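The values are calculated or read from the model by the stated rules, or taken from the named source; none is laboratory data. All figures in this text were calculated on a predicted structure; none of them were measured in a lab. Every residue, glycine among them, receives a Cβ derived from its backbone with ideal geometry; neighbour counts consider all protein chains shown.
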Amino acid sequence: MDSVEIVAGGGAALAELDGDVRGARFLLALTHGAGGGIGSPDLLAVRDAALDLGALVARVVQPYRVRGARAPGSAVRQDEAWAEIITALRRVAPRVPVVQGGRSNGARVTCRTAAGVGAAAVVALAFPLHPPGDRGKSRADELLQARDAGIPVLVINGERDPFGVPDKKYADRLAVIPGETHALKGRASVIRAVVTQWLPTALGLPTAPGQTAAPGQAAEI
């Protein structure tokens, strides 16, 4: 694993790289939620699924977290910084499709910026559909920014997420994990299997054999 510093408009970001740069079939850029880190079980499960499929994976610590802040601040500035990060990562792995994903706030960023950076697909983990207890403030329009641009979106949420679970109409595939909350700390094997099933179809890659989710572990729609 290599660490790379990326200087963006919002400051320095850090990317942990896993996989073979020269032989990468696609680049996957993953990022954390607000106040979180890049070692969460759900992000690691997506990383492992992508590595099995031949990806170069970059788990990105955004500039505000490198500075020690817990809140991302302006969404506009956050999105601008993310676009600069993707531009820099493309130089590491040129001429391959870019998939981007994240958990919670990171899922929002990757959905909002997908069209602008030319992403081939988005993986949204624990997408926070609304603030807890306030269903009237829906963020479904952020999911639609990717879908309306023709970019396939996979959403994986816990059944008991207090931030809500998006409707299936907002995603190409929605996987709801029974018993899981917003943290998505358990069932890493289920998350890994769902991603392994979905990404080859989204990117037009051959399906990896033997990677399936056990019945009842995730309600896929």
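Which of the residues spanning segment 162-178 are out of contact with any Phe, Trp or Tyr (no Cβ under 9 Å at 6 or more places or on another chain) and in a loop (DSSP other than H, G, I, E, B)? Write out each step before concluding.
At the first step, the residues of segment 162-178 found to be out of contact with any Phe, Trp or Tyr (no Cβ under 9 Å at 6 or more places or on another chain) are 162, 167-169, 174, 176-178.
The answer is Pro162, Asp167, Pro178.
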*Give Gly136, Gly150, Gly158 a once-over and let me know the one that is modelled with pLDDT of 95 or more, out of contact with any strand residue (DSSP E or B) (no Cβ under 8 Å at 6 or more places or on another chain) and farther than 20 Å from Ala8 by Cβ.*
Gly150
*Is there any pair linking a residue in segment 13-36 that is over 22 Å from Ala83 (Cβ atoms) to one that is in a strand (DSSP E or B), with Cβ under 7 Å and at least six apart or on different chains, and which?*
Asp18/Val57; Gly19/Ala55; Gly19/Leu56; Gly19/Val57; Asp20/Leu56; Arg25/Ala55
*Among the candidates Ala175, Ala213, which residue alone is over 18 Å from the mean Cα position of the chain (by Cα), of a type outside the set (D, E, K, R) and either modelled with pLDDT of 95 or more or buried (at least 17 other Cβ atoms within 10 Å of the Cβ) (or both)?*
Ala213
_segment 184-210, residues that are touching an Asp or Glu at 6+ places or on another chain (Cβ under 8 Å), modelled with pLDDT of 85 or more, of a type in the set (A, V, I, L, M) and not in a helix (DSSP H, G or I)_ = Leu184
_Members of segment 39-83 that are of a type in the set (Lys, Arg) and within 22 Å of Val194 (Cα to Cα)_ = Arg47, Arg59
